[in-house]
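The values are calculated or read from the model by the stated rules, or taken from the named source; none is laboratory data. Here the structure is a predicted model, which is why all the values come from computation and not from measurement. All Cβ positions, glycine included, derive from the backbone under ideal geometry; neighbour counts span all protein chains shown.
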Amino acid sequence: MMSVNTNVGAMIALQNLNKTNNALEMTQNRINTGFKVSTAKDNGAVFAIAQTMRSEVAGIRSVKTALENGVSSVDVALSAGSGIAGLLIEMKEKAVLAADSGLTTDQRTALDNDFQALKTQITTIVNNAEFNGINMIKASGDDVVTIANSDGTNTITVAAQDLSLAGLSITSNDLTTGTNASTAITAVDAAITSLNTSLGSLGTGAKALEVHSSFVTELQDSLDRGIGNLVDADLAVESAKLQSLQVKQQLGLQALSIANQAPQSILSLFR
């Protein structure tokens, strides 16, 4: 039926053109943002899942930072411990030399001065072995306690180790006599044994933090990939779709133009 009141063909052409324009707008938005789901309007369920995963990733980033700080604190303690180990070896050398009964008083005094200076160096190292406000090797040192998961319910603890002179039990030793030197040898040997045990404990703790940090990094990577699979647009597909929709839009405009000309043919019936 031909009518001048209702142009059905034009209405249908306009509806199809509007659908094409909407699809074209969506495709252009995906290309511009890189997301196929950028808001809840695009896909409410997928958007909610992605947001939950993003929240988990944010928590994991905080865990990684805490673990990295923990590793740094333990590394500082280990470096300080290695320095102390070298000083203890020097102290033993001085003590062994001082145990020689043939030394003069001046020689023994010189060795004792060196011995006491080495003890002072140990104290200096202990007092300065600090990272981010944490000193693991001073007397009553700070344990390293780091969060291990994103909700903070699990932690990893690396216990402090007292590497001070008192902790190593060498506070009062001197080399002023041969007897004192022999006593110092025994004390320094015990201090070396104690230090090695402490370094072993710190090393085990550092390894635990590093292993968990690697796991957390892999977990974050997996979540990031999962989020990408949910919301990222395939730009190759969207680019091809864009070209197709642009052609379809041009055809739609032509179809609408033709449909709008249909009422003009009615006039020819009255000529």
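Could you say whether any residue in segment 92-100 is assigned by TED's automatic domain parsing to the domain that holds residue 198 and part of a loop (DSSP other than H, G, I, E, B)? Yes, segment 92-100 contains a residue that is assigned by TED's automatic domain parsing to the domain that holds residue 198 and part of a loop (DSSP other than H, G, I, E, B).
Residue count for segment 156-171 under the criterion of being touching a helix residue (DSSP H, G or I) at 6+ places or on another chain (Cβ under 9 Å) and either farther than 19 Å from residue 124 by Cβ or surrounded by fewer than 17 Cβ atoms within 10 Å (Cβ to Cβ) (or both): the result is 6. One residue stands out among those in segment 101-132 that are modelled with pLDDT of 95 or more and assigned to a loop (DSSP other than H, G, I, E, B): the one that is farthest from residue 187 (Cα to Cα), which is 130.
Could you go through segment 219-236 and let me know if any residue there is modelled with pLDDT of 90 or more, closer than 30 Å to residue 80 by Cβ and surrounded by 17 or more Cβ atoms within 10 Å (Cβ to Cβ). No, every residue in segment 219-236 fails to be modelled with pLDDT of 90 or more, closer than 30 Å to residue 80 by Cβ and surrounded by 17 or more Cβ atoms within 10 Å (Cβ to Cβ).
Conditions (1) surrounded by fewer than 16 Cβ atoms within 10 Å (Cβ to Cβ); (2) more than 37 Å from the chain's Cα centre (by Cα); (3) in contact (Cβ under 8 Å) with a residue 12 or more places away in the chain, marked per residue:
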site: 81; (1), (2), (3): no, no, yes
site: 89; (1), (2), (3): yes, yes, yes
site: 94; (1), (2), (3): no, yes, yes
site: 98; (1), (2), (3): no, yes, yes
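For segment 59-76, indicate whether the set of residues that are farther than 20 Å from residue 208 by Cα, of a type in the set (Val, Ile, Thr), outside the structural domain of residue 226 (by TED's automatic domain parsing) and in a helix (DSSP H, G or I) is non-empty. No, that holds for no residue. No other residue among 104, 109 is assigned by TED's automatic domain parsing to the domain that holds residue 193 and either free of Cβ contacts under 8 Å to residues at least 24 places away in the same chain or farther than 17 Å from residue 174 by Cβ (or both) apart from 104. Checking each residue of segment 19-28 against the condition of being in contact (Cβ under 8 Å) with a residue 24 or more places away in the chain and part of a loop (DSSP other than H, G, I, E, B) gives no match. Here the condition is being surrounded by 13 or more Cβ atoms within 10 Å (Cβ to Cβ) and under 23 Å from residue 192 (Cα atoms); of 135, 128, it holds for 135 alone.
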